[in-house]
Amino acid sequence: MGALLIVNPQASGVSEELVARVVGELPDDLEVVRTGGPGEATTIAREREPSVEAIYVLSGDGTYNEVLNGVAGTIPLGFLPGGGTSVLPRALGLGRDPVVAARVAARGATRRIGLGRVNGRRFSFNAGIGFDAELVRRIDAKGRRADGRRPGDLAFVRTAIGLVTARRGSFPDALEIEGAGRAAFALVANCDPYTYAGRVPVRVASGASFDLGLDLVAPTSLRARNLPRLLLEMSRGARPRPGLTVLHDVERIVIRCDAPMPLQVDGEDLGDVEHAAFETEPHAVTALVPGR
C-alpha cells in the first residue's frame, strides 16, 4: 500500500531541498502530495487514508489540523516540523529538526492520542476564545511575506503588545463558562505546553495531556497592573486562585459569549462565535513518536 507524505510548500520552513532530505528518511514506497491551498489537506487525508499504510505531514500546525480533521484514525500519522512553531511534533517528542523527526517517526513507535473538539472541529494542542484568537486574527491580517510564509515569533510578540496597548491593558469579563463563572477570555489546552515562543515552552496549563481530558485557564478579568503576574503564571502553568479559573482533565466545557468573540484552534482563526462547546475525544488517532 505504501505511505503518503503531505507537504505544505507555503509552510515557513519548507523548501524543495528539505522535502528531498525528508523523503530520504521515510519508507521507500512513498508518494508525495503538495497542498495548493487552505483545506486541501483535509480532503487529501480523507480520500487517501483507506489506501495507505501511514500518512506523514511536513508543514506547520494549520496543515496538521486539517489532516486531523480529515482522518478517521485508522493509520499512523507522522507530524514533521515545517512551520515557524510546529507545536504538535515538538509536544510529541519529535523535536524541531524535520529531517531528524522524519527519521525518528519512520523508525519509532506509535502512540494513541486524544484530541479536542470545539463545535465539531478537532484540535490537537490548543484552542482559545478571546485574547489568543484575536492575536491569531491580527497576525493573519498582516498577510504573508513575498515567499508566502507567515510572520514569525517576533511579529507575534509585537502584535501581542499592540493588542494589549490598544485595549489599554484592560480585558473585562465577556463570557460565561458553564458551571465555573465569568471570564475575560478562555484558553483550552489538550497538552502541555500550550505553545512555544521560539525554543521556550509556554505551559499555560501544567499537566495537560493528550491522554487525559481538556484543561482550561481563564482570568475573570484583566487589568494592566495584573498582566505581568498572569504572564508569569501562564509561562509556568497556571494554578487556581481568586480571579483565575483553572479546570483540569475535564470532558466538556461550554462557553457562552456576551457578544461574538474570535475562536482559534491550533493557531487557525475559525471566525466569531457566541457559543462554544469543547469536548475531549479520547484515543482519537495514532501518532508516530520516538521509540522507548
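The values are calculated or read from the model by the stated rules, or taken from the named source; none is laboratory data. Bear in mind the structure is a predicted one, so any value in this text is a computation, not a measurement. Cβ sites come from the backbone with ideal geometry, for glycine too, and all protein chains shown count toward neighbours. Accessible surface is based on the protein model in full, side chains and every heavy atom, while ligands, DNA and RNA are left aside. Shrake-Rupley method; radii C 1.70, N 1.55, O 1.52, S 1.80 Å.
Just checking the listed ones, V14, V33, V188: in the Gaussian network model of the chain with Cα springs under 10 Å, the one fluctuating most is V33. Taking the Cα centre of region 18-121 as origin and assigning +1 to Lys and Arg Cβ atoms and -1 to Asp and Glu Cβ atoms, the resulting dipole is close to 420 debye. Starting from the Cα of R121, step 7 Å toward the Cβ, then list every residue of region 46-69 with an amide N under 12 Å from that point. Counting only backbone N, you get 62, 65-66, 69. Couplings 3J(HN,Hα) for region 81-92, derived from phi with the Karplus relation 6.51 cos²θ - 1.76 cosθ + 1.60 (θ = phi - 60°), are x, x, x, x, 10, 6, 5, 4, x, 5, 5, 8 Hz, where x marks Gly and Pro. Distance between the C-alpha centres of region 157-221 and region 226-292: 6 Å, rounded to the whole angstrom.
Here the sum of -39500 (n - 2.57) over DSSP H runs of 4 or more residues, divided by the residues of the chain, equals -7500 deg cm²/dmol at 222 nm, to the nearest 500. What shape does region 1-48 take by its C-alpha gyration tensor, where a ≥ b ≥ c are the square roots of the eigenvalues and a/c under 1.5 counts as rounded, a/b above b/c as prolate, and the rest as oblate? Oblate. The label point for T74 and the one for D272, both projected 7 Å from the Cα toward the Cβ, are 4.1 nm apart.
The charge dipole of the chain, taken about its Cα centre with unit charges on the Cβ of Lys, Arg, Asp and Glu (plus for the first two, minus for the last two), comes to roughly 1160 debye.
Rolling a 1.4 angstrom probe over region 1-122 with all protein chains present gives an accessible area of which 48% lies on carbon and sulfur atoms.
The portion of the accessible surface of region 180-245 made up by carbon and sulfur, rounded to a whole percent, is 56 (1.4 Å probe; DNA, RNA and ligands excluded). For V202, nonlocal amide neighbours, meaning residues 5 or more places apart or on other chains whose placed amide H falls under 5 Å from its own, are Y194, T195, Y196, A197. Here the chain carries DSSP beta bridges of which approximately 75% are antiparallel, counting only pairs with both residues inside. Computed on the chain, with alpha-carbon pairs under 8 angstrom and 6+ residues apart, the relative contact order is 22 percent.
Applied to region 15-30, the Karplus parametrisation 6.51 cos²θ - 1.76 cosθ + 1.60 on θ = phi - 60° returns per-residue 3J(HN,Hα) values of 9, 5, 5, 5, 4, 4, 5, 5, 4, x, 9, 9, x, 4, 7, 10 Hz, with x for Gly and Pro.
Couplings for region 181-193, taken from phi via the Karplus curve 6.51 cos²θ - 1.76 cosθ + 1.60 with θ = phi - 60°, read x, 7, 7, 7, 7, 9, 10, 10, 10, 10, 7, 10, x Hz in order; Gly and Pro are left as x. According to a simple spin-label model (label point 7 Å from Cα along Cα-to-Cβ), what is the distance in nm between L227 and D258? In this crude label model, D258 to L227 measures out at 2.0 nm.
Ranking N119, L263, M234 by how far each Cα lies toward the positive end of the dipole of the chain (charges on Cβ) leaves M234 at the top. Think of a 1.4 Å ball rolled over the protein heavy atoms: the chain then has 44 Å² of accessible area per residue. Between K142 and V32, the simple label model (points 7 Å from Cα in the Cβ direction) yields a spacing of 3.0 nm.
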